[in-house]
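Accompanying notes for the structure given below.
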Amino acid sequence: MADVPAPSTPVSSWRCCWCRAQAGTIVLDLGDQPAADDFPAANAPTPDRTFGLRMVMCAACHLAQIEDDPTSAQEPRGVEPEALVRQGLDAVGHLADAGIARPGGRVLEFASPHGGSWLGPLAERGLHPVGGGPADLVVDSFGMMHDADQRAALAARAACLAEGGALALHYHSLATILRTGAWNALRHGHVAYYSTPALVAMARELGLVAVAAREYPLYGGTVMLVLAAAGASGAREHPDVTALVAKEIADGVTDPRRVATLGSDLLESVAAIRAYLRGVSRAGLTVAGYGAASRTAALLQCAGVGRQDLSAVADASSAKQGRMLPVSRVPIVGPTELVALRPDRVLLFVPDLLPEVRAALPEIEASGGRWVVLDPMPREVQPVT
Ligand SMILES: [Zn+2]
């Protein structure tokens, strides 16, 4: 196990994006990284621009957040993993079962660049989408994390609530990031990394109480927290919320020293990826990748993986095909071209895609290739026999 880097303090101009406090701890440092939407054309001039990427935990409100984001990238709309769509269906079912999504109600969605809209399934259950408040149900799945001013963002969502309305927030929890060592969740464009205790406390400051919480297996573990006006009849913190808050605190989500162990997770997975690539190279195997997500660039950058290691990365998004991953300049190809390369190993940068890529591209394994999930430690997937 590598040494845990000593927590340090953020730059003097830093202010918390929720409470404006100026005291915090740098809990993770990925060095210089490209912007999230930077997929340069093959003939674009080098070097690609990079910007410091660090996570800070506020000493006052414990919200984990990006220290500074000079990029103003419009995050590219990726292809929706089926797992994301399925989670949306599950969440809508749970909201309906709990009587929170009711037929005839007005629903307002704060959209996310990650896709996965809940409006379709909510409309199927008889709710009416509206373009602005007041709404009986306001939903936000992976949207609010992108807002530079978190207080304004939560207040804007709360302001759209009709009397007796509910706000459902769905997020990749910091507890999951810690448990799975997913240091590569940190990226430009993602401002906030919510723990349930931090988010419940933020909501309380705006007069909201968490009336429901539900966990999902997506991305290793996500949470849907349902908030309602604290004054509304019957609105009180649900025991599930209280239990989840206690569990996450016990897991260390509000302890900057515990969160800073992501730094050693980074070192360990980078070393494991390098060792894995050395091994397959010695064995004379060819390696390609799948999933040109923004997190892919950070992982390649941190592990020093380049074209010498990786012939191409496939992505289903036609907008990315023909372009390059930034810095490493590994070309992005379509799935058909990936199959034509007949790679011995395919590094899967978006682990949740595994079931669907195996089903869509059976040729990879049929010709003797193996999928290698990076979550973010490398794990070879054994073929079904
Ligand atoms: Zn704060």
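Data table
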quantity: Given (1) touching a residue at least 12 places away in the same chain (Cβ under 8 Å); (2) under 30 Å from A64 (Cα atoms), number of the condition D255 does not satisfy; calculated: (1)
quantity: Residue pairs meeting the criteria (Cβ under 6 Å; at least 6 apart or on separate chains; first among the polar types (S, T, N, Q), in segment 158-176; second in a helix (DSSP H, G or I)); calculated: T176/G220
quantity: Number of the condition not met by V373 [criteria: (1) of a type in the set (V, I, T); (2) under 22 Å from R282 (Cα atoms); (3) over 22 Å from the mean Cα position of the chain (by Cα)]; calculated: (3)
quantity: Neighbours by Cβ (under 9 Å, 6+ apart or cross-chain): first from segment 337-360, outside the structural domain of Q87 (by TED's automatic domain parsing) and of a type in the set (F, W, Y); second surrounded by 15 or more Cβ atoms within 10 Å (Cβ to Cβ) and in a loop (DSSP other than H, G, I, E, B); calculated: F349/G291; F349/A292; F349/A293; F349/P376
quantity: Residue within segment 39-56 that is at pLDDT 95 or above and among the aliphatic types (A, V, I, L, M) present; calculated: yes
quantity: Those residues of segment 20-75 which are in a loop (DSSP other than H, G, I, E, B), of a type in the set (A, V, I, L, M) and within 13 Å of the ligand (Cβ to nearest atom), in sequence order; calculated: A21, A23, A59, A60, L63
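To keep it simple, each residue is scored yes or no on (1) assigned to a helix (DSSP H, G or I); (2) crowded, with 22+ Cβ neighbours inside 10 Å.
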{"residue": "G189", "(1), (2)": "no, no"}
{"residue": "Y219", "(1), (2)": "yes, yes"}
{"residue": "S233", "(1), (2)": "no, no"}
{"residue": "D240", "(1), (2)": "yes, no"}
{"residue": "E248", "(1), (2)": "yes, yes"}
{"residue": "E268", "(1), (2)": "yes, no"}
{"residue": "G279", "(1), (2)": "yes, no"}
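The values are calculated or read from the model by the stated rules, or taken from the named source; none is laboratory data. Just so it is clear, the model here is predicted, and its values are computed rather than measured. Every residue, glycine among them, receives a Cβ derived from its backbone with ideal geometry; neighbour counts consider all protein chains shown.
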